[in-house]
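Rule-based calculations on the coordinates, nothing more; no lab input. As the structure is a prediction and not an experimental result, all values here were calculated from the model. Quick reminder, even Gly has a Cβ in these numbers, built from the backbone with ideal geometry, and neighbours come from all protein chains shown.
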Amino acid sequence: MAQSKLRVGVLGAGRWANMAHIPGWQRDPRVEVVALCDVEKDLARDVAGKFNIPESTDDWQALISRPDIDVIDIVTPSNTHHELAVAAVGAGKHVLSEKPVAHDFRETLRLAGEAKSKGLKTKLGFTFRYTPGVQFAKSLIDEGFVGRPFIFNGYEQNSQWLDPQTPLRRSQMREDQSLLQVVSLEGYGAPIIDIGRWWVGAEYSSVVGTMRNFIPERKVWGSDQLTPMNIDDGDVFVAEFGNGVIGSIQTSFVTIGNFPGVEARIFGDKGAIICRMVEEFGVAETIKVATPDSVEFKEMEIPRRFYPEGGHSNESWRSLFYANLIKDFIDEIVEGGEKNQGNFADGAAVQAVINAVELSVRERRWVDLPLER
Ligand SMILES: NC(=O)c1ccc[n+]([C@@H]2O[C@H](COP(=O)([O-])OP(=O)(O)OC[C@H]3O[C@@H](n4cnc5c(N)ncnc54)[C@H](O)[C@@H]3O)[C@@H](O)[C@H]2O)c1
């Protein structure tokens, strides 16, 4: 008998579900998206109709407890991820969640442990770990192209919210406005912090950082008024890794440049790689390399095998990169075994770095990792 399809329930029918998640699942013939849930019932119905998803609902608890669903995909606002992920793991589902699972790394770590003990696979929405260029770069690093790594530099920056009239979600604004709140470091920092520890091959061991609020008033969704917003819209930190590598990370959504604005650079004794995920002139990403005897960076063609079925460098980065992420998760679930990259434990390691940088900014000092659990 042919194996039946993996059955997926998606929570959240907003922009990112439309652009990346649902198209990613539906690109793979091994999967059926059987139900879509949004607390806005009409939106769930309309988006389910658009993607030919047979059922829609506004009741996430009912959807998570359905015995005929194997995977729950959480693509809702960040302040809901933890509650939904706890419920999904509790119900015995494999879970893909947008980041962060929780603001405190300890909560993510606990959930990672529970999922593993139940034999469930988890995955964070670390979109940029899965780009064809980043995957190619990792294969070069594994083959020894970089040699002994010295320095990693990472950026996620674009000008998405440079204009204060572009509204932010209320969920991104915490209650206490007296302290500068972590926003860019968490939203934009997570994917590039993830690539750093993965490429370098060691955990972050010490960090020191700074954050700024450059645009003090903004619109929020649902209001025409400008509202005071004491949030980090730009930050930089310096890091040491456990294997002696040093590095820096810079994130901002008010720095001029196009989406997604991610760049990862690694420099070693045998080679250097610059992977630039900035959609420019219709091309989603570029990768350039140099060696000690050929120091001018040359662009490399990304081999076909790193692209998803039907994918190409002129496709929108949103669907192209996410298709690879979702295909990888499906492979991990269908094939079984231990393989489970970018999982909740990786999410907890990344979140711990964010928590440590926040502490370093608040106390104006270096903070060592691991943090106390
Ligand atoms: N990984 C990436 O590169 C990337 C890119 C963009 C957005 N995101 C993340 O994706 C998530 C969604 O972003 P978006 O732009 O689609 O937001 P959005 O506001 O457009 O959509 C979120 C939807 O979730 C619904 N919702 C809220 N609570 C719910 C619940 N309990 N059950 C079901 N539905 C619920 C809302 O009604 C809304 O329609 C956010 O966490 C965001 O940070 C990640």
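The table for this structure:
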read-out: Ranked by how many other beta carbons lie within 10 Å on average, peptides 97-105, 85-93, 162-170 from highest; value: 97-105, 85-93, 162-170
read-out: Candidates Gln341, Gln177, Gln26, ranked by Gaussian network fluctuation over the chain, Cα under 10 Å, top entry; value: Gln177
read-out: Fewest-first sequence of Lys50, Lys327 by Cβ atoms within 10 Å of each Cβ; value: Lys50, Lys327
read-out: Segment 93-160 - Rg (one decimal) and Dmax (whole number), Cα, Å; value: 16.0, 42
read-out: In Å, descending, principal axis extents of the Cα set of segment 6-127; value: 38, 27, 26
read-out: Cα centroid separation - segment 123-162 against segment 295-373, whole Å; value: 8
read-out: Over 29 Å (Cα to Cα) - which of Lys219/Lys327; Lys116/Lys288; Lys50/Lys99; Lys99/Lys339; Lys41/Lys99; Lys118/Lys327 fall in this group; value: Lys219/Lys327; Lys116/Lys288
read-out: Cα Rg, Dmax (largest Cα-Cα span) when computed across segment 222-373, Å; value: 19.2, 58
read-out: Value at 222 nm in deg cm²/dmol, rounded to 500, when DSSP H runs of n ≥ 4 in the chain each add -39,500 (n - 2.57); value: -9000 deg cm²/dmol
read-out: DSSP bridge pairs, the chain: antiparallel proportion in percent, nearest 5; value: 60
read-out: Proxy reagent accessibility, fewest Cβ within 10 Å first, across Asp42, Asp328, Asp235; value: Asp42, Asp328, Asp235
read-out: Net charge dipole size for the chain [Lys, Arg +1 and Asp, Glu -1 on Cβ; Debye, nearest 20]; value: 340
read-out: Least to most buried among Ser56, Ser159 (fewest other Cβ within 10 Å first); value: Ser159, Ser56
read-out: Only Lys, Arg (+1) and Asp, Glu (-1) charged, at Cβ; segment 308-373 dipole about Cα centre in debye; value: 400
read-out: Protection proxy ranking of 296-306, 121-131, 136-146 - average other beta-carbon atoms within 10 Å, highest first; value: 121-131, 136-146, 296-306
read-out: Lys/Arg +1, Asp/Glu -1 at C-beta; the chain dipole; positive extreme among Asn340, Ala137, Ala352; value: Asn340
read-out: Ratio of Rg to Rh over the chain (Cα coordinates, Kirkwood Rh, two decimals); value: 0.95
